[in-house]
Amino acid sequence: MSAHAPLDELLGAYALDALDETERRAIEEHLEQSAEARAELRQLRIAVDALGATERDASCPEGAWDRIHAAITDGPDRDLPVLHLPATARRHRPPRLVAAALALAAALVVGLGLGAAVHRGQAPSNEAAVERLADAALKDTNARVGTLAGEGTPAVRVVVEPGGHGYLFGGDLPSLPPGRTYQLWTLDGAAPVSLAVLGPNPRIVPFSAGAAATTLAITDEAAPGAAVPGSAPLAVGTLA
Amino acid sequence: MEPGMEPSREHGERSDAELVRAVARFEEAAMHELYRRHGRAVFGLACRLLGDTMRAEEILQDVFVRLWEHPERFEPGRGELRSFLLRQAHSRSIDRLRSDTARARREEGHEVERARFNPGDDSLEREVWELIRSETVKEALAALSAGEREAITLAYFGGYTYREVATMLREPEGTIKGRIRVGLHKLATRLESAGLGARS
């Protein structure tokens, strides 16, 4: 019998959303560590997904799409045109342990200058021009896109052109209090490297990521920005 | 055809996975096509679980706004988009149900529903049974023991935790979690045998 048998016994109830919060957290930790449990959950979900699909479709309420549309366009990209592009990018989940890795790396890293890669996030002198450039980057099918996500933080979309120039759409981020700033990092090397100080209220912010940058993170730092991250990331994601 | 449900000429031929990738590039038309394909299923499940169309629309909106914000959370290699969306709808509906206020509303709503469609029948399991339209799934459920079927339907469609199910059925908690796990495995095996369990 597996050493985790008591937890494995809860996998069925977990698949049905029939656990309380404490048990749910315990199972999710167990799932991160046990490939066997993940395989069993995949099997159980075949049944659960079939149960969900047995329900009758229902006509959506009048205006439901309009309300969804209003919600999704009331964000950082609301002024961007609808784009019609061939879809080429593949996306991946943000790595689970990046937060811990970032904290560890921050403790080890030796002073980093913010360097030439830093772009100030405060209102660019020509916001319309930045928006046009960001729009062009989105239209570039060779550009990589990513979503930086974190618990309690609105999703932040980024696009990076093949040459490494990128744009961050930060309009959904809540404004920070005076003396604080958002900061963008790449986590690909042995230590986090600052890509941009985004300011306390970023909208569309250009940055230079380098062509090879893959994993990005946003932190909340003391203004005017930090050489090493002073806190765990608010949001992390990968470019693909 | 209801408003907002007209198929998109441009996106109608694209796969769900292609449309999700387009959503990552801010294509609102791709998002609309995904809503057209799956919105009714999501809303139907939320309605069934919550017994309240207003709250069900909140779930509908929540599920699709999250897809817009986090398209990367759908991994095409791990299953179909509809299953992914229904799982989100179920989970969020259950969270909503587990507030006392919401549960009270649901009970009230179900009473109205029973009075309208099924007067005199107060069996949740029977009500669920009648709503199930898939013959294959119905047959697979019928092959379970009565105890397994009851535990699974109360947990999934009733939104109860396995502990609550145990209390309702006056059975030990260990018995109920065992019935759920074993019953789901049997169900999955039968569905796979019938060709319904394959993952893309």
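In the assembled protein chains, A:D66 presents an accessible area of approximately 100 Å² (probe radius 1.4 Å). With all protein chains in place and ligands, DNA and RNA left out, the 1.4 Å accessible area ranks B:M54, B:M31, B:M168 as B:M54, B:M168, B:M31, largest first. Interface size, chains A and B: roughly 6700 Å² of accessible area buried, both sides included, 1.4 Å probe, rounded to the nearest 100. Taking a straight Cα-Cα cut-off under 23 Å and skipping sequence neighbours fewer than 8 places away in the same chain, the lysines within cross-link reach of B:K186 are B:K138, B:K177. Centre-to-centre separation between the Cα atoms of region A:205-237 and those of region B:41-71: 33 Å.
Could you tell me how far the Cα centroid of region A:149-177 sits from the Cα centroid of region B:16-34, in Å? Between the Cα centre of region B:16-34 and that of region A:149-177, the gap is 19 Å.
The values are calculated or read from the model by the stated rules, or taken from the named source; none is laboratory data. The structure presented is a predicted model; accordingly, all values stated were derived computationally and were not measured. The area values use the complete protein model at the heavy-atom level, side chains included, leaving out ligands, DNA and RNA. Shrake-Rupley method; radii C 1.70, N 1.55, O 1.52, S 1.80 Å.
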